[in-house]
Amino acid sequence: MKLTGSQILLESLKCEGVDTVFGYPGGAVINIYDDLYDSSINHILTRHEQAAVHAADGYARCTGQVGVAIATSGPGATNTVTGIATAYMDSIPMVIITGQVPTPLIGNDAFQEADICGITRPCTKHNFLVKNIRDLAKTVKEAFYIARTGRPGPVLIDLPKDVQVDTLEFSYPATVDLRGYKPTYSGNFRQIEKAARMILEARRPVLYVGGGINLSAASAELLALAEQTRIPVATTLMAMSAFPQRHPLALGMLGMHGTFCANMSVTECDLLVAIGARFDDRVTGRIDSFAEKAKIIHVDIDPTSIKKNVAVDLPIVGDLKDVISKLKASLDQKEEALQSFKEELQEWQTKIATWRERHPMVYQPSDTVIKPQFVIEKLRELSNDDAIIATEVGQHQMWTAQFFSFSQPRTFLTSGGLGTMGFGLPAALGAQVAFPDRQVIDISGDGSFQMNSQELATLVQYQLPVKIVILNNNYLGMVRQWQQMFFDKRYSQTVMELPIDFVKLAEAYGAVGFNVTRVDEVETVIKKGFETPGPVLMNFQISREENVLPMVPAGKAIHEMVLAS
Amino acid sequence: MKHTISVLVENEFGVLSRISGLFSGRGFNIESLSVAPTLEPNTSRMTIVTSGDDRILEQITKQLNKLISTIKVVDFTSKDFIARELALIKVSTEAETRAEALRIVDIFRAKVIDVTPRTYTIEITGAPGKINGILELLRPMGIKEVVRSGPVVIGRGAKGVTG
Ligand SMILES: Cc1ncc(C[n+]2csc(CCOP(=O)(O)OP(=O)(O)O)c2C)c(N)n1
Ligand SMILES: [Mg+2]
């Protein structure tokens, strides 16, 4: 039987195991939406295409599966760009499908035409314009393969309207053969042996782990390696949930807002084992003094990440899960050496313990005004262990990373690379769709919330019980903090002059809202919010000029921290 | 340092802009770029002349390899290779310099491919250095126009680069 292009698209999605897509209709995808009307694929209508892409992204981050979003041509397609760039920077597997004007009109400035392949070329792992229905099924197959393999990333398929209407016999290819794309999964044996020897020779080693651990689902392997060797673990923002933060070997986050002990450990270490991390400038601070005394082993599936920012003594290209388990096996074989290595490590651990004690992650508690860190601690205490936490971008994001003590993999969804305000709410929405029975919380700022607050409608429509926590300082707080510290308190355009009644806003959409202004209400409102079915917004009026500390000022080395007093 | 890189790519929609976009987006420099199909189906070969220190060149090669459309990348710089470039040169010639111009064409084994009473149009192929050489000698006569193809390169010896 012949199928239309849009039917072939949906059948292909099913072949890829897709049961849920996020999207927004329009003229250039109207055929796809007509077929979705009675399809078994579940479609979630967000209220903005950017949110559809972030929702698919949140879905992907917490499940490890490819997230799928659909948008129409022109403005629908351009609205997806921030979402795509966000996923690209954090290597999230996604397929974005955009409608396009009919092929004969491409290039004619037709109504709602945008060269979305041209626009997204630098922020997708790959993209396709399907000009012929014969290429459609193969393209979908390749798109999913590219998105989920190697270093994952978003892939866009631009599908002209005439191709959606055209018909062809459907057959889905069984295999993919891309001559130019053969990711390396298996770590080189000799390199791994060398790494094991370098580890055993080290006296002050540190594991520096990044988002790759989530992408490779290697949390268990990482924990096993850390416990086998007793090497302490510093995590990037992207990896906060990849290693249990209450573990005795956890140093916490490193970098600009990292812990004193993580930053000092990295500064003083003699061996840095970087795993699935990319030496981002927010992590390294002044690059020439980052881990200055250390030899560096760098494990990553993407060769371009290695030696991009720092010189590396031992590169290992491969899937982290594979490399970490092989490394552990190799160390297991060197039993005696490993034993004496662990004994020698005592001194280093004592040193780290003194750093930890000297400047723990603390804040000044208060009885009179709500401290954001206190709210985060209470959220941790009162939420389930497997709760999924999404954040927006700003101070609240850093406080969450610093104080939430994540314990389970893939429970922290945050825009690390691009730092996209407006990410959290739709990402939480996507996560709740993926896990209807788990607690999903969006920790937000008053500024960021307003970047995608329209998604309250989506939450209410689908009765997605996301709990929204606004840490409201009536400021674009993170920018204000920089202005306070480096621009003489000239708060240019960071004061949110108009106080928004967020509770009324929630109610306008049919959600429940609570205002919290007193310290003694914090716990009761969180409990009430968690108990209330459906989406709930909790607006906490926090101490307005609270700063995120420690902080490494731009251009400084990571041990030159401004500490909390 | 200058590097000459051959890139075998899928001959498909948008591939040139993927490559050039990679260079511009990452601040790498392109001195010249030439591209044409090869004998293998759906395959084109680009020759790119770029420059940068070792670290940048390592990134350029890795980033090129990372593109899905890239099949193979060969940096010829440390290898034994032959480079050839084509140039078309329109030079002004007065009565007293026409003979001299022809002598230069002869010495460089170039060809005059178009003539007017006041100009010669010259075709020359050779290593980029040779083309610089003829341009240097013709310059005093007045060069009205130069079109250079940018070099294409091939390795010496029996082995070929294929996809
Ligand atoms: C889309 C976007 N625009 C601008 C910025 C720059 N920016 C970073 S943090 C921030 C302030 C965020 O304010 P809010 O959401 O209230 O969080 P707070 O820092 O107050 O906790 C801004 C404007 C950004 N990261 N993303
Ligand atoms: Mg704020």
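The values are calculated or read from the model by the stated rules, or taken from the named source; none is laboratory data. Please read these numbers as outputs of a predicted model, since none were measured by experiment. Here Cβ is always computed from backbone atoms with ideal geometry, including for glycine, and neighbour counts include all displayed protein chains. In case anyone asks, the SASA skips ligands and DNA or RNA and just uses the protein heavy atoms, side chains included. Shrake-Rupley method; radii C 1.70, N 1.55, O 1.52, S 1.80 Å.
A few notes on this one:
- Per the listing A:Ile92, A:Ile133, A:Ile96, the residue uniquely more than 14 Å from chain B (Cβ to nearest Cβ) and within 17 Å of the chain's Cα centre (by Cα) is A:Ile92.
- Residues located in the stretch A:453-487, provided they are under 20 Å from A:Gly510 (Cα atoms), surrounded by fewer than 24 Cβ atoms within 10 Å (Cβ to Cβ) and within 16 Å of ligand 2 (Cβ to nearest atom): A:Ser453
- Of residues in the stretch A:401-419 being within 14 Å of ligand 1 (Cβ to nearest atom) and open to solvent by less than 10 Å² (accessible area, probe 1.4 Å), the one farthest from A:Asp385 (Cα to Cα): A:Ser415
- Flag for A:Arg121 being part of a helix (DSSP H, G or I) and touching a residue at least 60 places away in the same chain (Cβ under 8 Å): no
- Residue in the stretch A:77-84 that is touching a Cys at 6+ places or on another chain (Cβ under 8 Å) and within 25 Å of A:Pro409 (Cβ to Cβ) present: yes
- Those helices (runs of 4 or more DSSP H) lying entirely in the stretch B:1-116 with at least 1 residues open to solvent by 70 Å² or more (accessible area, probe 1.4 Å) and more than 21 Å from A:Arg121 (Cβ to Cβ): B:54-66, B:98-107
- Filtered by the rule that a residue be open to solvent by less than 50 Å² (accessible area, probe 1.4 Å) and free of Cβ contacts under 8 Å to residues at least 24 places away in the same chain, the stretch A:344-397 gives a lone residue, A:Ala353.
- Residue list for the stretch A:425-442, filter: open to solvent by less than 10 Å² (accessible area, probe 1.4 Å) and either in contact (Cβ under 8 Å) with a residue 60 or more places away in the chain or near ligand 1 (Cβ under 8 Å from one of its atoms) (or both): A:Leu425, A:Pro426, A:Ala427, A:Ala428, A:Leu429, A:Gly430, A:Ala431, A:Ile441
- Hits in the stretch A:153-167 (condition: in contact with a Pro (Cβ under 6 Å, 6 or more places away or on another chain) and away from chain B (no Cβ under 13 Å)): A:Lys161, A:Asp162
- Summed over the stretch A:390-422, residues that are within 15 Å of ligand 2 (Cβ to nearest atom), of a type outside the set (D, E, K, R) and either within 27 Å of A:Thr20 (Cα to Cα) or not in a helix (DSSP H, G or I) (or both) total 6.
- When the helices (runs of 4 or more DSSP H) confined to the stretch A:205-309 are screened for residues that are under 20 Å from the mean Cα position of the chain (by Cα), those reaching at least 1 such residues are found at A:212-215, A:219-229, A:281-284.
- Going through (1) over 20 Å from B:Ser78 (Cα atoms); (2) within 14 Å of chain A (Cβ to nearest Cβ) one by one, B:Leu138 falls short only on (2).
- Under the condition of being in contact with a helix residue (DSSP H, G or I) (Cβ under 6 Å, 6 or more places away or on another chain), within 14 Å of chain B (Cβ to nearest Cβ) and either over 27 Å from A:Ala217 (Cα atoms) or at pLDDT below 95 (or both), the residues counted in the stretch A:279-306 number 0.
- Whichever residue in the stretch A:102-132 is open to solvent by less than 10 Å² (accessible area, probe 1.4 Å) and among the hydrophobic types (A, V, I, L, M, F, W, C) and, among such residues, is nearest to A:Ser305 (Cα to Cα): A:Cys117
- Subset tally (residues that are charged (D, E, K, R), farther than 20 Å from A:Ser219 by Cβ and more than 16 Å from ligand 2 (Cβ to nearest atom)) for the stretch A:423-447: 1
- Boolean, A:Gln450 is away from chain B (no Cβ under 14 Å) and within 12 Å of ligand 2 (Cβ to nearest atom): yes
- Long-range neighbours under 9 Å by Cβ, at least six apart or interchain, first residue away from chain B (no Cβ under 14 Å) within the stretch A:473-501, second within 7 Å of ligand 1 (Cβ to nearest atom) and among the β-branched types (Val, Ile, Thr): A:Met478/A:Val393; A:Tyr491/A:Val479; A:Ser492/A:Val479; A:Gln493/A:Val479; A:Thr494/A:Val479
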